[in-house]
Amino acid sequence: MRFFAAVHSEITKLLSTRLWWVLALIMVGYVALCAGGLAAIFGGFGTTGRGPAIPEAQLPLLIFSFATSVGYVFPVLLGALAVTSEFRFQSLTPTFLAQPRRTVVLGGKLLTLFLAGAAYGVIALIASIGAGAAVLGAFGIDPLLGEPDTWAFIGRSVLAMALWAAIGVGLGALVPSQIAAIVIVLAFTQFVEPLLRVGASITDWSAQVGQFLPGSASDALVGASIYTSISPSSVALDWWQGGLVLAAIAVIATVIGFFTSWRRDVS
Amino acid sequence: MPTGVPIEFARLTKSFGNVDAVSDLTLTVEPGQVTGFLGPNGAGKTTTLRMLLGLVQPSSGTATFGGTPYARLASPLATVGASLEAASFHPGRSAHNHLAVYAQAAGLPKTAPAAALEKVGLADYGSRRVGGYSLGMRQRLGLAFALLGDPAVLVLDEPINGLDPEGIKWIRLLLRAMAAEGRTVLISSHLLSEVQQTVDDVIIISHGKLVHRGELSSLDVSDSKQVQVNADDRERLAEVIHAAGYTVSNLRSGILVDNAEAAEIGRLAFDAGIAVTALSQKRTGLEESFLTLVGEEGSL
């Protein structure tokens, strides 16, 4: 009951400021542009033989996976900001006055953001599939929307986005400074991790480690990604292992954050 | 009607490193009256209140509501209403949603936010983003948060700060009414003059220690009573009063007489045939004894 009330409150918090739809809007634009653009490149010009040869049957999922491979940064930001804004605007004071059991508050936030991340996943997939399927269709390529594999992929993508938002909550608890959290999210997802993944794929032993990077684990969970397509030699986890890695990162970061920042004096 | 429970501090202490922000505070705040919690800025008032509300962990000692710590209260917002000095608002959220967030977390009725906004006179501004609120409106919103659960205990940190004169009068009446209903009302301030018309009882702390506890009138122990007097022929008036054995000093608007009663000075002037144009007893007792208690440097 108490937990349900905490989730109710967190949902209201999320929906009562502009952040969620502004982020969602940018995500839709970004994902649709990438998916539509790459669909045009692979679908229209891939046949000339200069680009990487990707079998036509794999192309739709690769295009649709832009929902997660470029879109995952948005649920992470949403999750991180949901926590850091409490510190930034000192709203932890009324939050903890309304619910002094801090584990209940953080648990409620984690579940709420998991659900919000899933919603972001649905929105991002609508963007990537909408733009991607339209462009592929225009080039006469079957987007395979009726295939069970496609729908399993959609389900795993939604789960991945939900887990990314939960990771954001953990990150926000670990790094309560809003500016620092945003810089870390952007630097890690856009720069550090892509480099690490390419670097890790060079040797066998580093590839074994590299598959546990969150982005790799996410791609393993989703089952298709532009990254895995351009470095096909790298090893990858099973989809469920990828999911467990993401969930473990989210839980461990949140638990450590609880002890380092969430439990501290609020003054 | 909720009945107030006493607020009890027992040997409450908070140290930051080697510095004791609050040390060994033991006292009880009774229901049915307004208690002023006074002290200069940095005296430890806010830290004490935050410990009481479970936001700051005491180094030792306890702070409870009738024996129950805040975190163990069955329904905290419906038992204790608190508003703390820091502006704890997300600027992009409307006032109504701000209150709804916490009403939902505390399991309060859906009508609670609108009712609280109505009580503090913000009913017409509920849909506005808090970022556009004036300081006075934010104070009222903080109070609305405190009143959300119709609590029997009110704990308000500097509630008068930032209010306009009309707002000050309004909050005075509200707090007096709440206390008259039997609720426990504890308000902090760094200015005695700000709350002296509101409180029955005062607690004064300085450097984290309790320096005075008692009724407001117990502060009025100053023996330096002064009279301010004026006349058209100010020099002659000063001579007459001086001749009677008083110490006088010149003010811009008259003469200040130390250790005097207004009645006595008036009679002196009358006997000398001087028409007095102003005559008043200076009531500096409260503020002065407050400053003496907290130390002169503490007034900042």
note = Restricted to segment A:88-103 and to residues being more than 7 Å from chain B (Cβ to nearest Cβ) and over 15 Å from A:A5 (Cβ atoms), the residue most open to solvent (accessible area, probe 1.4 Å) is A:R88
inquiry  = Anything in segment A:234-254 that is aliphatic (A, V, I, L, M) and touching a residue at least 40 places away in the same chain (Cβ under 8 Å)? List them, or say none.
reply    = A:L246, A:A247, A:I249, A:A250, A:V251, A:I252, A:A253
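Is segment B:142-164 home to any residue that is within 14 Å of the chain's Cα centre (by Cα) and part of a helix (DSSP H, G or I)?
Pass one, segment B:142-164, residues within 14 Å of the chain's Cα centre (by Cα): B:154-163.
Remaining after also requiring part of a helix (DSSP H, G or I): none.
For segment B:142-164, residues within 14 Å of the chain's Cα centre (by Cα) and part of a helix (DSSP H, G or I): absent.
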query = Under the condition of being facing chain A (nearest Cβ under 10 Å) and in a loop (DSSP other than H, G, I, E, B), which residue from segment B:101-141 is surrounded by the most Cβ atoms within 10 Å (Cβ to Cβ)?
reply = B:L108
message = Checking the conditions here, which among A:G146, A:G130 is surrounded by fewer than 21 Cβ atoms within 10 Å (Cβ to Cβ) and either part of a helix (DSSP H, G or I) or of a type in the set (F, W, Y) (or both)?
response = A:G130
remark   = Taking segment B:60-79 and keeping only residues that are in a loop (DSSP other than H, G, I, E, B) and within 11 Å of chain A (Cβ to nearest Cβ), one is left with B:P69, B:L73, B:A74, B:S75
ask   = Exactly one of (1) part of a helix (DSSP H, G or I); (2) open to solvent by 10 Å² or more (accessible area, probe 1.4 Å); (3) within 13 Å of chain B (Cβ to nearest Cβ) is unmet by A:G37. Its number?
value = (3)
ask   = Restricting to segment B:142-161, what's the tally of residues that are of a type in the set (D, E, K, R) and within 11 Å of chain A (Cβ to nearest Cβ)?
value = 1
remark   = Scanning segment B:58-86 residue by residue, those more than 19 Å from B:V5 (Cα to Cα) and open to solvent by 50 Å² or more (accessible area, probe 1.4 Å) turn out to be B:S59, B:S60, B:E85
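Being under 29 Å from A:P60 (Cβ atoms), in a helix (DSSP H, G or I) and either within 14 Å of chain B (Cβ to nearest Cβ) or open to solvent by less than 40 Å² (accessible area, probe 1.4 Å) (or both) is the requirement here; does A:G243 meet it?
Values: under 29 Å from A:P60 (Cβ atoms): yes; in a helix (DSSP H, G or I): yes; either within 14 Å of chain B (Cβ to nearest Cβ) or open to solvent by less than 40 Å² (accessible area, probe 1.4 Å) (or both): yes.
Against the criterion (under 29 Å from A:P60 (Cβ atoms), in a helix (DSSP H, G or I) and either within 14 Å of chain B (Cβ to nearest Cβ) or open to solvent by less than 40 Å² (accessible area, probe 1.4 Å) (or both)), A:G243 qualifies.
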query = If you take the residues of segment B:34-55 that are open to solvent by 10 Å² or more (accessible area, probe 1.4 Å) and touching a helix residue (DSSP H, G or I) at 6+ places or on another chain (Cβ under 7 Å), which of them is farthest from the other protein chains (Cβ to nearest Cβ)?
reply = B:P40
task = Sort out which residues of segment B:206-256 are under 30 Å from B:L38 (Cα atoms), touching a residue at least 24 places away in the same chain (Cβ under 8 Å) and part of a strand (DSSP E or B), and write them in order of number.
result = B:S206, B:K209, B:L210, B:V211, B:H212, B:R213, B:Q226, B:V227, B:Q228, B:L256
note = Of the conditions (1) at negative phi; (2) away from chain B (no Cβ under 13 Å), the single one that A:G140 does not satisfy is (1)
request  = Could you pull out the residue among A:L106, A:L110 that is of a type in the set (A, V, I, L, M) and either within 14 Å of another protein chain (Cβ to nearest Cβ) or in a loop (DSSP other than H, G, I, E, B) (or both)?
outcome  = A:L106
query = Which of the residues spanning segment A:171-190 are among the polar types (S, T, N, Q), surrounded by 15 or more Cβ atoms within 10 Å (Cβ to Cβ) and under 18 Å from the mean Cα position of the chain (by Cα)?
reply = A:T189
task = For segment B:174-192, enumerate the residues that are buried (at least 18 other Cβ atoms within 10 Å of the Cβ) and under 12 Å from the mean Cα position of the chain (by Cα).
result = B:L175, B:V185, B:L186, B:I187, B:S188, B:S189, B:H190, B:L192
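Filter segment B:257-286 for residues that are in a loop (DSSP other than H, G, I, E, B) and farther than 30 Å from B:Q197 by Cβ; which is most open to solvent (accessible area, probe 1.4 Å)?
As a first pass, look at segment B:257-286 and keep what is in a loop (DSSP other than H, G, I, E, B): B:259-261, B:272-275, B:283-284.
Right, trim to farther than 30 Å from B:Q197 by Cβ and you get B:272-275.
Working: B:A272: 31, B:G273: 62, B:I274: 20, B:A275: 78 Å².
Applying the filter and picking the extreme gives B:A275.
The values are calculated or read from the model by the stated rules, or taken from the named source; none is laboratory data. What you see is a predicted model, and the numbers here were worked out from it, not measured in a lab. Counting neighbours? That spans all protein chains shown, and the Cβs are built from the backbone with ideal geometry, glycine included. Accessible surface is based on the protein model in full, side chains and every heavy atom, while ligands, DNA and RNA are left aside. Shrake-Rupley method; radii C 1.70, N 1.55, O 1.52, S 1.80 Å.
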